[in-house]
Amino acid sequence: MLDTTLRIAPFVVRVRSPFASVLEHLEFFYRDCEKPRDAFVDFDIRLLPGRGAHRFWRPQARFLVDDQNPFLPLPVNQAAPMFEWGLNWTIASRSLGFVVFHAAVLEKNGNAIILPGFPGAGKSTLCAALCHLRGWRLLSDELAILDPVSGMLIANPRPISLKNTSIDIVGQFPGARIGKRYLDTRKGTVAHAAPKLDAIEHASEPARPRWLIFPQFAPREGRQVSRVSHAEAFALIGEQSFNQERMGEIGFRALCALLGNVDCHQIEYGSTSDALELVAQVTQQD
Amino acid sequence: MNRASLLDLLKHPQRTTALSPRDWTEFIATARNANLLGKLAQRLHEANVSVPSAPLRHLEGARLLSERQHHSVAWEAQCIDASLAQTDTPVVLLKGAAYVLAGKAAGVGRLFGDVDVLVPPGSLGTIEIRLMAGGWTQMKSEEYDQRYYREWMHELPPMIHVRRGTVIDVHHTILPLTARNHPDAEAIIAHSTPLPGHRSLRIPCDEDLIIHSMCHLAHEGELHNALRDLDDIDSLLREHTDSPVFWDRLGDRAQHHDLAAPVALCLMLVRQFFDTPVPESLVLRLAGTDAAAIRRLARLYDAAIVPDPEGRPPLRSLAAQLLIYIRSHWLRMPPRLLVQHLSRKAWQRLTLASGTSPKNEQGA
């Protein structure tokens, strides 16, 4: 029975599970995380075998956080990705004073790019490319965590979630470490790429939001970059927000302040190298 | 984490001494599971207790969420009022929404989901149509669920607003029509007072507000909100501890509603858990000849209410929980209907468990 406590910045997470796949997943992706003793535990997560008679012919895994059971069970071979999905859900739905929205966040020289995540936009592939090919530090691939008090983005470096064809593309990047493939999930084939060591080592350093870039993978359109108005960006971010509504006025003001500090662009590209050039053009960073 | 230390923290936040990270972990998780995190946060905040930054994040988050929910419920009340004003029927707010909008101490820091209202039975049809015109729609689409609510229970099936995602529960009586006790819902409406600034919304008198909360707790089969409900009742009762007339009125009202025994039970529990200064004479008066049986029942609740983040209470508590669950259904319906209903629900659960779509769970 696995029972471990990990510092997955900015949280401390306890994980318990009898599944070997979960243990392997944590050892592969979280090997560089500190294992604090006697720390306050933010989320107490358990991945347990499903209940009911059908466990004999169709074994399932259940996700529990502090004894709450937010999802229906999944097939047992998806227990490890279920940990990632469940932890995302927990961070986004627990009220911790942060505004959380769906986006990748990367940093260079203290300044951060936010890449909001619309399905099929190519966010995760671009995120992995910026880490492995251009030396950006990963704050998060899925969750932009905004501290309304400081206006800074908080790092939550975790495996980058890859789907279908992007798995092979990212697998060829220098230094990329890809974990096990999970076939036939609701999102198709899923695999994860490990965050680089610098992301874990500098996880306690927040980053100042500087650029908001809406990526759009458009193979036939050729590459182009266009400005997005702040009002439009606000509406788009609102759609991607998990808890802005629950954060009320504080959330609204935090997003307004964020937009006051960033340049907003949309980039359209047909290849990873095009995307990297467009990001370099917008950010003026190599 | 034992119940006594959580209750101590709630009752006497100023006495909080240095807690270890492990203690904080257990307090936060236990309070969250008992749906008491917002109240705990509010009380620690008011008592100026210094909390380490990691647990403070959870407490402040819950406090923020409860403030936000109170804004939302005020807005929701406006929307309900606007949709129902034309029907010219009294719409009485119950539970959380009533505590918050009536400015009760019980509402401070309280987290909740649905808005519960009580309306005269004859107005159900009009109310349902007005709500649908206002954007609310039925959540339960299965025919069996619809029948369960409409025929046997005491409410319309819960309705959800298509844009705001908020849920309203419309009741026309306090207990199911099939239940053994028969509280006087009309009297609750008759003794309610208008909520200032609203055309149709009303707040029950304090005695009814308290008795309704107690009736709910004593008939509820699942106890995961029991501590929160007892804390509500404690706060509501403490507003009147100086008034001997109030306790007499509460007793009269409980008898009028045919709820003497459930109220006696809750008075025993709240006194035991929260040291509420309840006059013994009132408990004896309401318990009457059933005193011994009600005391046994109170001991059962005492064993069953074990806040526990691991969800693995001792066997004795599990047995008590099961008995209370069965009893709650026993009180709600005649045996034949009960067997039919439970087997139907078990079948639904069995078939649902084999699905794979994510379920949207909102704490009520």
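In table form, for the structure just shown:
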{"item": "Length added when fully stretched, residue B:255-residue B:17, from 0.36 nm per residue minus Cα-Cα", "result": "81.3 nm"}
{"item": "FRET efficiency, residue B:199 to residue B:222 (Cβ-Cβ, R0 30 Å, nearest 0.05)", "result": "0.25"}
{"item": "Segment B:182-282, dipole about Cα centre (Lys/Arg Cβ +1, Asp/Glu Cβ -1), debye to the nearest 20", "result": "240 debye"}
{"item": "Alpha carbon centroid spacing (whole Å) that separates segment A:84-123 from segment B:187-253", "result": "44 Å"}
{"item": "Entries of A:35/B:11; A:123/A:187; A:35/A:187; A:123/A:196 with Cα pairs more than 26 Å apart", "result": "A:35/B:11; A:35/A:187"}
{"item": "Cut-off 12 Å (backbone N to label point 7 Å along Cα→Cβ of residue A:149), residues of segment B:48-69", "result": "B:51-61"}
{"item": "Residues of segment B:216-257 with amide N under 17 Å of the 7 Å Cα→Cβ point at residue B:323", "result": "B:218-223"}
{"item": "FRET efficiency, 1/(1 + (r/R0)^6) with R0 30 Å, evaluated for residue A:28 and residue A:232 via beta carbons", "result": "0.15"}
{"item": "Furthest towards positive pole of dipole, A:77, B:284, A:98, structure part the protein assembly as shown, Cβ charges", "result": "A:77"}
{"item": "Qualifying chymotrypsin sites (Phe, Trp or Tyr not before Pro) in segment B:19-90, DSSP loop, other Cβ atoms within 10 Å at most 14", "result": "none"}
{"item": "Area hidden from solvent between B and A (accessible, protein heavy atoms only, 1.4 Å, total, Å²)", "result": "2800 Å²"}
{"item": "Number of partner chain Cβ atoms within 10 Å, mean per residue of A:33-40", "result": "3"}
{"item": "At q = 0.06, 0.08, 0.12 Å⁻¹, base-10 log of I(q)/I(0) for the protein assembly as shown (Debye sum, equal scatterers on each alpha carbon)", "result": "-0.38, -0.67, -1.35"}
{"item": "Positive-end residue, the protein assembly as shown charge dipole about Cα centroid, Cβ charges, pick of B:225, A:255, B:254", "result": "B:225"}
{"item": "Coil-residue trypsin sites (Lys or Arg not before Pro) of segment A:205-272, DSSP, other Cβ within 10 Å capped at 14", "result": "A:220"}
{"item": "Partner chain coverage, peptide B:61-72 - average Cβ within 10 angstrom", "result": "4"}
{"item": "Shielding by partners, peptide B:52-58 (average Cβ within 10 angstrom, other chains)", "result": "4"}
{"item": "Accessible surface of residue B:239 - all protein chains present, 1.4 Å probe, nearest 10 Å²", "result": "80 Å²"}
{"item": "Which of B:69, B:97, B:31, positive extreme of dipole for the protein assembly as shown (C-beta unit charges)", "result": "B:31"}
{"item": "Chain B - accessible surface per residue (Å², probe 1.4 Å)", "result": "45 Å²"}
{"item": "Sites residue B:146 and residue B:186, calculated FRET efficiency, Cβ-Cβ separation with R0 30 Å, nearest 0.05", "result": "0.75"}
{"item": "Point-to-point label distance, residue B:129-residue A:224, nm (Cα→Cβ direction, 7 Å offset)", "result": "5.4 nm"}
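The values are calculated or read from the model by the stated rules, or taken from the named source; none is laboratory data. Because the structure is a prediction, the values reported are computed rather than measured. Glycine also receives a Cβ, built like all others from the backbone with ideal geometry; neighbour counts cover every protein chain displayed. Just so you know, the surface numbers come from the protein's heavy atoms only, side chains and all, with ligands and any DNA or RNA stripped out. Shrake-Rupley method; radii C 1.70, N 1.55, O 1.52, S 1.80 Å.
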